[in-house]
Structures are given as structure tokens and as C-alpha cells.
1. Considering only the other residues whose Cβ falls under 14 Å of the Cβ of residue 175, what net charge follows from Lys and Arg at +1 and Asp and Glu at -1?
2. Hey, what do the phi angles of region 392-399 turn into as Karplus ³J(HN,Hα) couplings, whole Hz, using 6.51/-1.76/1.60 and θ = phi - 60°, x for Gly and Pro?
3. Through the Karplus equation 6.51 cos²θ - 1.76 cosθ + 1.60, θ set to phi - 60°, convert the phi angles of region 224-236 into ³J(HN,Hα) values in whole Hz; use x for Gly and Pro.
4. Nothing charged except the Cβ atoms of Lys and Arg (+1) and of Asp and Glu (-1): what's the magnitude of the dipole of the chain about its Cα centre? Round to the nearest 20 debye.
5. Checking the a/c ratio against 1.5 first, then a/b against b/c, what shape does the Cα gyration tensor give for region 309-383?
6. Could you tell me the accessible area of residue 52 in Å² (1.4 Å probe, neighbours in place), rounded to the nearest ten?
7. Put a dot 7 Å past each Cα toward the Cβ at residue 434 and residue 312; how far apart are the dots in nm?
8. Plugging the Kirkwood radius over Cα pairs into Stokes-Einstein for region 98-237, at a temperature of 20 °C and a viscosity of 1.002 mPa s, what D comes out in µm²/s?
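The values are calculated or read from the model by the stated rules, or taken from the named source; none is laboratory data. The shown structure was predicted, so the numbers you read here are calculated from the model rather than taken from an experiment. Using ideal geometry, Cβ is built from the backbone for each residue, glycine included, and neighbour counts are taken over all protein chains shown. Just so you know, the surface numbers come from the protein's heavy atoms only, side chains and all, with ligands and any DNA or RNA stripped out. Shrake-Rupley method; radii C 1.70, N 1.55, O 1.52, S 1.80 Å.
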Amino acid sequence: MTVTLDRNVEQFIGAPRQLFIGGQWADAASGRTFATPNPATGETLAQVAEGEAEDINRAVEAARRAFEEGPWSRMTPSERGRIIWRIGDLILEHLDELAQLESLDNGKPFVVARAADVPLSADMFHYMAGWATKIEGNTINISVPYMPGANFHSYTLREPVGVVGQIIPWNFPLLMAAWKLGPALATGNTVVLKPAEQTPLTALRLAELIAEAGIPDGVVNVVPGFGETAGAALASHHDVDKIAFTGSTEVGKLIANAATGNLKKVSLELGGKSPNVVFDDADDSAIAGAAGAIFFNHGQCCVAGSRLYVQEGRFDEVVDGVAAIAKSIKLGPGLEQDTQMGPLVSDEQLRRVTSLVDSGIAEGATALSGGGRHGNRGYFVEPTVLTNTHPEMTIVRQEIFGPVVVAAPFSNLDEVAAAANDTPYGLGAGIWTKDISKAHALAKKIRAGSIYINCYNVFDAALPFGGYKQSGWGREMGHEVLNNYTEVKAVTTLLA
């Protein structure tokens with residue numbers, strides 16, 4: 001059975017979508033648009049204004065005016081917090097509509113978007129609304145050796161960075177917008193948001209809800225466009241004080257280089273090749289857990305458990321079990337109610353994932369399940385489990401970002417710790433065992449930002465998320481994210 005489209009969704013995709021700049025909807029300066037496709041069919045969903053450098057300039061100017069002159073900076077923290085909370089409320093009021101848009105534009109099942117993506121997005125705004133009144137400095141008792149007897153009053157202020165450029169990916173479009181916008185707004189910044197060109201629709205609908213919530217004009221601006229034009233212009237813009245990016249490590253390096261022009265602050269949440277470790281004594285739930293770790297969101301998840309290490313005594317049982325689950329997954333359009341896995345986001349992603357799987361099989365890997373494209377319409381890839389791999393294979397080294405896991409046996413904790421860390425990434429890791437001491441011993445050895453013990457893909461607005469090594473700089477969510485969007489000012493007064 002197919003989910004009946006919400007009337008608002010039909011209207012939203014039925015009209016050309018514009019840029020949101022300075023509180024107004026406007027065409028791109030060039031007049032150009034681009035098509036955003038339905039990944040389940042490859043057919044065009046909607047036409048979207050194609051922002052470029054001139055549009056980024058307009059958006060940055062609007063954000064600068066709103067920061068320097070507008071009412072946003074003059075509002076009390078309580079006033080800002082109430083507006084941010086209202087955004088979360090509005091997201092929940094439009095739960096089905098946003099979930100349908102996300103399913104259509106990204107491909108993920110509607111039931112998943114409705115149960116996870118949209119509620120988590122609302123929760124992020126609700127959580128960050130509370131932080132608006134809790135941005136605090138400190139008083140410091142200082143001693144100045146070269147001024148004996150002097151008495152000082154010293155304190156710190158934590159202030160907004162200013163104009164923030166934010167570039168978000170296509171795998172969790174609405175949720176990533178919430179992760180970025182929530183803390184930036186709670187700390188008093190203004191924003192230019194560039195959604196991924198593959199999935200701009202929920203960010204544009206969110207802009208409408210943000211305006212409805214009462215955010216002043218220019219505080220949030222949304223400029224869809226392509227990375228090499230709009231994204232590059234935003235990252236290098238000299239009137240942007242900070243850039244926040246979520247996406248691939250390759251593009252993250254380009255973002256960091258572009259930011260050097262005015263030495264803007266940079267935070268990066270990048271790629272991963274996360275190890276998922278199953279010990280001999282793990283509960284039987286580890287099999288379903290390992291499958292969920294890689295097949296959640298079609299494997300298009302930066303923290304996906306894409307390297308499965310199973311202790312030798314359970315290797316065949318666990319890997320065969322994961323392969324059986326893979327074969328049972330129902331693929332289909334996201335709006336089909338029995339769909340368990342939708343398509344990949346684009347034809348480009350389909351070709352990338354299948355090419356990497358082909359290369360692995362050509363190098364000697366064995367596909368216990370999947371191994372190729374599913375059907376000939378849309379961008380579907382079979383859930384794939386590969387064995388007989390070795391550490392130097394491309395499929396073991398490189399982030400695939402699809403429903404593909406490589407599995408290998410191990411003998412002891414030290415061996416698997418070394419294998420887990422044999423990667424340029426350090427975003428996440430999973431550990432499955434009944435021995436909690438062993439679990440924490442391994443957790444301490446693995447260099448990654450998120451460690452899941454007897455669970456996986458656990459996200460909460462209060463829990464910091466980010467990576468070691470080439471998985472990024474800084475942390476999203478929790479109170480840690482406030483560091484991304486604030487500057488610390490020290491004030492010292494000589495007292496009489």
C-alpha cells in the first residue's frame with residue numbers, strides 16, 4: 001500500500017522552489033533552476049532555484065545586517081529560546097508532511113523518516129532552545145606577578161561568532177539542518193544554509209516554518225545550489241565568520257582550504273569507516289545489531305558499521321546471519337508502507353557504490369548476499385555482505401556510503417583493536433560482548449568519537465557526536481556544540 005500524499009506536499013513540489021534570503025522568497029540572480037529527482041524513479045520531483053556566488057553574497061549581506069542591526073541580537077536569551085522552541089513544535093505539527101518530503105527527495109522509507117528523522121529534528125530545536133538561556137562566562141581570580149598588590153575583577157563572556165555558513169549533506173537532510181541551525185540560533189548567530197543539491201526540499205520547507213515561528217528576517221537564509229558554485233562561494237566568503245560542514249572528508253579538506261582566506265572558524269563532521277566488533281560471548285542480538293549498523297539508512301550514514309570484525313568462534317554464524325537478514329530486506333519506494341530499504345540518493349551514488357563492490361569482487365571478495373544493483377528503475381542497491389577481504393582492499397579502506405559491509409575474523413582484543421584503528425577515519429565503533437570490562441577496555445583503545453556497546457546508531461540531542469583523525473573537527477550536539485558557535489572574550493578591570 002502506498003502512503004497517500006499530503007495535500008501540502010503536492011502543492012509544495014508542484015511549484016518552483018525559490019531561494020530564501022532576508023526573509024523573502026526570490027529567484028536565483030541567474031534565473032537558473034535545477035531538478036531534484038525522486039531516487040525511487042529517477043523522475044523530477046520539483047524545480048529549485050540554483051543559487052550561485054551572487055546569491056550567496058545577497059544572503060551573507062542579509063545575515064550580516066540581521067546580526068549587526070536587526071532585532072535578533074537585541075532579543076533576550078529567553079525570547080530567542082521561545083522562538084527556537086516554536087520551530088520544534090511546528091516540525092511536529094507537520095510531521096507527516098515533512099516525512100513524506102524527506103522520503104520523496106532522499107528515498108528513505110516514510111515510516112523511518114516519520115519515526116526518527118522528523119522527531120529527532122524537532123527534539124534538536126527543543127533541546128537547543130533550553131541552551132539559549134544558559135550561555136555563561138566565568139569569573140577568574142588572577143594574579144599578575146609584575147603588579148604586586150593590584151586588585152582586578154576579571155571575567156569571560158561567551159558571545160556569538162557572527163555570520164555562520166552551514167553546508168549540509170543529503171543523507172539526513174532535515175535532521176542535519178536541525179543539527180546545524182539549532183545551536184547556531186541558540187548562541188545568537190545568523191546563518192546562511194546551503195542544503196545538498198540532491199535533497200533541498202525539506203530545508204526549504206523548514207525555512208517556511210522558521211519564518212512562521214517568528215525568526216526575524218535575515219537570521220536564517222537558505223540557498224540551494226551546487227557545491228562547486230554556491231558551496232565554494234560560502235566557504236571562501238570573507239564576510240562569513242564561521243563555516244560548518246557535514247559531508248565527505250574529501251570535500252571537508254576543500255572547505256578547510258577555502259576558509260583560510262579570512263581564517264574563519266571551521267567545524268567539520270566528515271566520513272567514517274567504522275569497525276563493528278562482535279566477540280565470541282556476544283548475545284544473539286549482535287547479529288541483528290550488526291545488520292542494523294550497516295543497513296540503517298541504506299548504509300548512507302557516516303557512522304555506519306561498515307567493517308564487521310567477528311571473533312573466530314562465531315564468525316560463520318554471525319556473518320551468515322547478517323547475510324540472511326540482508327536477503328530478507330524489502331527494497332522499494334519510500335512511500336510504500338512495507339518498504340524496509342529505499343533507493344540510494346542519486347544515480348551518481350548508485351554508480352559509485354556498485355563500482356566499489358565490483359572492484360572488491362574483482363580483487364577476490366565473496367558476496368554472501370547482494371553484490372549489485374536491484375532492478376532497472378530508480379537507484380536501488382542490494383544489501384551486500386562481503387567476506388574473504390584483506391586490509392588493503394579498496395572496499396576495506398574507502399568509505400562506500402551504501403548498504404555494503406566487509407567482514408573479517410579476529411582472534412583477540414589487541415588484534416581487533418589494531419585492525420579497528422587501521423583507518424584514516426575515527427568516527428564511530430560498535431562492540432558486542434557480555435563482558436563489560438572487555439567492552440570498556442576495547443572502547444578505550446579505539447580512536448573514535450562515538451563508541452556503541454551492545455547497541456548501534458544511538459543519537460540524542462544531548463550526546464556529542466564527531467570524530468577523530470580525518471573524521472572531522474569539533475562536535476555536533478550536546479553542550480560541546482556550543483563551542484563551535486561562540487567566541488570567548490576576557491574582560492579585566494583594575495579596581496581601586
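1. Details: positive: 108, 114, 180, 205; negative: 102, 105, 117, 123, 269, 460, 476.
After counting each charged neighbour, the total is -3.
2. 8, 5, 4, 5, 8, 8, 9, 5
3. My calculation for region 224-236 gives x, x, 8, x, 6, 10, 5, x, 5, 5, 5, 5, 9 Hz in order.
4. Values: 39 positive and 56 negative charges, 209 e Å.
Value, rounded to 20: 1000 debye.
5. oblate
6. Per-residue accessible area (residue 52): approximately 40 Å².
7. 2.2
8. 126
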